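Colleague: Quick one: this structure, given as structure tokens, is what I'll be asking you about.
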């Protein structure tokens, strides 16, 4: 999050053109490399917009949930339908102003159109309590619980306190600026729901230094080395009242994340961190996010 291009609204993000590949002679390579350098310096404006959730977004919503829950036993079809059926709650991130003459557009699926999702579910709504996904989600929140505050957190999750689960998912390569107006909107929608929520829950995707993950006492450096795949969630994490994390590498194709490692490179485990905020802390977290967006002077860890 060291970029100086932070903005409050969903403005264009600049993306460089990809380099050409293939087998060529030396002279051809020199020519292509020169062309590639020119292409790399060109800016391609790509606009994103937070849009209302539509019927055709069902598969895209499921894909966003799949990258969060991986192979955990949760009925994502029904959970996706629940998010879809909530009226005037949440938004989908889409790309807008695409080239009309792009022939590939005709082959794009509705699933590909969904680049991000932000929404919430009232976990205290009695209409959800009998749903299969609800029981599975509650089990998900409790089965990974560890640490000194395990009993306190378990009481919050299983108790009668009014709770909202915040969903904040998007592709990693989309800039964190998208999150600022999205969280402001979801904050307004939470207020408009007229439910006096006592707690707010958020599941974050993080990468944790592999060699130090199992150490009982984690140092300040360990905490600083944690990478949030959605960088803005690190700012929210600063205000959380409770947090716990767990390793999900057994649900991934590889037990480490980050591609090919050079000798001596830090290796990271894919993990999830659950954040729980009381009402006042949730307000403070949103203020922290807006403050940082307006004056991004501090640095945070983000996906490389």
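Colleague: Quickly run through region 195-212 and pick out the residues that are over 23 Å from residue 170 (Cβ atoms) and at pLDDT 90 or above.
Modeller: Within region 195-212, 195, 196, 197, 198, 199 meet the criteria.
Colleague: Sticking with this structure for a sec: How about region 158-186: which of its residues are free of Cβ contacts under 8 Å to residues at least 60 places away in the same chain, in a loop (DSSP other than H, G, I, E, B) and under 22 Å from residue 291 (Cβ atoms)? I'd like the intermediate steps shown before the answer.
Modeller: Quick first cut of region 158-186, residues free of Cβ contacts under 8 Å to residues at least 60 places away in the same chain only: 158-166, 171, 173.
In the following step, the residues that additionally are in a loop (DSSP other than H, G, I, E, B) were identified as 159-162, 171, 173.
Within region 158-186, none qualify.
Colleague: Residue by residue through region 243-283, note down the ones that are surrounded by fewer than 18 Cβ atoms within 10 Å (Cβ to Cβ), modelled with pLDDT of 70 or more and touching a helix residue (DSSP H, G or I) at 6+ places or on another chain (Cβ under 6 Å).
Modeller: Matches in region 243-283: 267 only.
Colleague: Residues in region 226-246 that are in a loop (DSSP other than H, G, I, E, B) and either closer than 20 Å to residue 183 by Cα or without any contact (Cβ under 8 Å) to a residue 24 or more places away in the chain (or both): how many?
Modeller: Going through region 226-246 one residue at a time, the tally reaches 7.
Colleague: Right, next: In region 75-96, what count of residues is obtained for those that are within 18 Å of the chain's Cα centre (by Cα) and touching a residue at least 60 places away in the same chain (Cβ under 8 Å)?
Modeller: Count: 5.
Colleague: Quick one: residue 196 ticks every box in (1) closer than 24 Å to residue 245 by Cα; (2) outside any helix (DSSP H, G or I); (3) touching a helix residue (DSSP H, G or I) at 6+ places or on another chain (Cβ under 9 Å) except a single one, so which number is it?
Modeller: With respect to (1) closer than 24 Å to residue 245 by Cα; (2) outside any helix (DSSP H, G or I); (3) touching a helix residue (DSSP H, G or I) at 6+ places or on another chain (Cβ under 9 Å), residue 196 is out only on (1).
Colleague: With modelled with pLDDT under 95, outside any strand (DSSP E or B) and exposed (fewer than 11 other Cβ atoms within 10 Å of the Cβ) as the only criterion, which of 223, 217, 290 stands out? Steps first, please.
Modeller: On the way: 223 fails: exposed (fewer than 11 other Cβ atoms within 10 Å of the Cβ); 290 fails: exposed (fewer than 11 other Cβ atoms within 10 Å of the Cβ).
Of 223, 217, 290, the one residue that is modelled with pLDDT under 95, outside any strand (DSSP E or B) and exposed (fewer than 11 other Cβ atoms within 10 Å of the Cβ) is 217.
The values are calculated or read from the model by the stated rules, or taken from the named source; none is laboratory data. Treat the numbers as computed from the prediction; the structure is a model and nothing was measured. Methodologically, a virtual Cβ is constructed for each residue, glycine included, from the backbone with ideal geometry; neighbour enumeration extends over all protein chains shown.
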